1. Only residues that are surrounded by 15 or more Cβ atoms within 10 Å (Cβ to Cβ), farther than 16 Å from residue 132 by Cβ and among the small types (Gly, Ala, Ser): list them for the stretch 337-354, please.
2. For the subset of the stretch 209-262 comprising residues that are hydrophobic (A, V, I, L, M, F, W, C) and assigned to a loop (DSSP other than H, G, I, E, B), which member is surrounded by the fewest Cβ atoms within 10 Å (Cβ to Cβ)?
3. Of the residues 211, 206, which is over 20 Å from residue 256 (Cβ atoms), in contact with a Pro (Cβ under 9 Å, 6 or more places away or on another chain) and without any contact (Cβ under 8 Å) to a residue 60 or more places away in the chain?
4. Within the stretch 298-319, is even one residue within 25 Å of residue 120 (Cβ to Cβ), surrounded by fewer than 22 Cβ atoms within 10 Å (Cβ to Cβ) and acidic (Asp, Glu)?
5. For the stretch 166-184, what are the residues that are under 12 Å from residue 218 (Cα atoms) and crowded, with 24+ Cβ neighbours inside 10 Å?
6. Being within 25 Å of residue 97 (Cα to Cα) and outside the structural domain of residue 65 (by TED's automatic domain parsing), is that true of even one residue in the stretch 263-285?
7. Answer with yes or no whether residue 137 is of a type outside the set (Gly, Ala, Ser), touching a strand residue (DSSP E or B) at 6+ places or on another chain (Cβ under 9 Å) and surrounded by fewer than 20 Cβ atoms within 10 Å (Cβ to Cβ).
8. For residue 154, work out the one condition from (1) of a type outside the set (Phe, Trp, Tyr); (2) free of Cβ contacts under 8 Å to residues at least 12 places away in the same chain; (3) surrounded by 24 or more Cβ atoms within 10 Å (Cβ to Cβ) it doesn't fulfil.
Amino acid sequence: MSKKVSMVLVGALLLAVVFLCGCITSDDGATPGVETTPASTVTPAPTAEPAQKVQVKVFHAGSLTSPFEQMEQAFEAKYPEADVLLYAGGSTKIIKEITDLDKDADVLASADYLLIPDLMVPEDADWFATFANNRMVLCYTDESRYADEVNADTWYTILQKDDVKWAFSDPNLDPCGYRTPMVIQLAEFYYGDDTIFENTVGANSEMTVAEADGVWTIEATDAEPKGNLQIRPKSVELVQMLESGGIDYAWEYRSVAVQNNLKFIELPVEIDLSSAQHADTYAQVQINCISGVSKGTPIVYGITVPLNAKHPDYGEKFVEMLITQTGNDIMASEGQPPIIPAGGYGAIPDGLLPYVEIL
């Protein structure tokens with residue numbers, strides 16, 4: 001056989017092999033003898049749903065905003081299944097949202113502990129604890145008019161000047177608001193000047209004051225401001241007004257001034273509502289607001305777990321953290337001296353009994 005014919009036969013053989021391989025390939029491209037599963041029948045592995053966090057609703061006084069933001073972080077770090085939701089407002093207002101509007105809260109913290117027994121017990125709460133103190137101060141900035149003249153002896157004369165704008169919070173919504181007129185009335189006793197209230201609060205609002213049986217009662221149900229006085233729902237709202245130059249002076253708690261790096265006048269303890277030793281002096285004034293009469297008392301913060309709480313167990317855990325080492329350290333660092341041990345009133349939960357002094 002010639003070489004040329006041999007090459008032709010080899011080529012034909014190779015073509016036959018290729019043809020046969022193509023014939024034994026299945027239509028779907030799979031190799032015969034190997035079982036395949038259609039893609040449409042493959043079941044994907046199930047994906048786990050993320051766990052739903054427990055929402056812990058904390059209603060609190062505006063002056064507790066900074067420390068409670070730190071409490072939120074500490075609490076969520078200890079209880080990662082919890083999501084703390086903070087609701088800030090004037091103490092009277094947020095309590096009314098619970099008692100009148102039936103908003104559920106797992107914790108209620110008030111800038112005046114007496115609002116809890118007065119407005120919540122027994123229908124909406126059956127216990128409360130006292131956990132911190134504060135004091136009233138007059139805040140200002142370097143840009144405030146007469147900033148170089150204001151001090152503990154001149155503040156009330158400066159507030160009377162025609163070109164000075166000043167402010168405090170609404171007495172009908174916020175304890176800081178109803179404490180401010182009481183401080184100004186107490187100033188009359190301390191400085192021996194019975195015109196201070198009339199020339200400051202009286203001249204710039206519809207509020208009045210009258211004496212009966214040795215007690216001075218301020219009428220504040222109509223607290224509409226006028227002249228150089230401005231009134232806002234929450235005391236913390238005044239900080240921005242002060243910093244922007246909208247007002248020259250604002251009445252605040254000392255803690256709010258410290259937290260916002262504001263300048264402030266320290267007032268005599270006889271009038272700043274900070275000292276239990278001067279409780280009898282403070283009791284010489286009271287204020288009548290829409291929610292009722294509030295008496296002059298030392299500033300004490302209170303906390304409870306409302307009866308409508310959806311997660312009372314987590315509410316109690318929050319209170320426990322607040323009145324023990326973690327909370328005490330936070331409150332002290334924020335200029336709000338903690339009460340150690342916390343004072344306990346009413347049906348204190350068993351889990352909190354080791355941390356309170358029953359009063």
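The values are calculated or read from the model by the stated rules, or taken from the named source; none is laboratory data. This is a predicted model, so every value here is computed, not measured. Here the Cβ positions follow ideal geometry from the backbone for every residue, glycine too, while neighbour counts run over all protein chains shown.
1. Matches in the stretch 337-354: 346 only.
2. Across the stretch 209-262, the extreme among qualifying residues is 262.
3. Just one listed residue meets the conditions, 206.
4. The answer is yes; a qualifying residue exists.
5. Residues of the stretch 166-184 under 12 Å from residue 218 (Cα atoms): 171, 178-184.
171, 178, 179, 180, 181, 182, 184 - these are the residues of the stretch 166-184 that are under 12 Å from residue 218 (Cα atoms) and crowded, with 24+ Cβ neighbours inside 10 Å.
6. Initially, the stretch 263-285 is screened for residues within 25 Å of residue 97 (Cα to Cα), giving none.
Checked the stretch 263-285: no residue is within 25 Å of residue 97 (Cα to Cα) and outside the structural domain of residue 65 (by TED's automatic domain parsing).
7. Values: of a type outside the set (Gly, Ala, Ser): yes; touching a strand residue (DSSP E or B) at 6+ places or on another chain (Cβ under 9 Å): yes; surrounded by fewer than 20 Cβ atoms within 10 Å (Cβ to Cβ): no.
So residue 137 does not fit the description; no.
8. (3)
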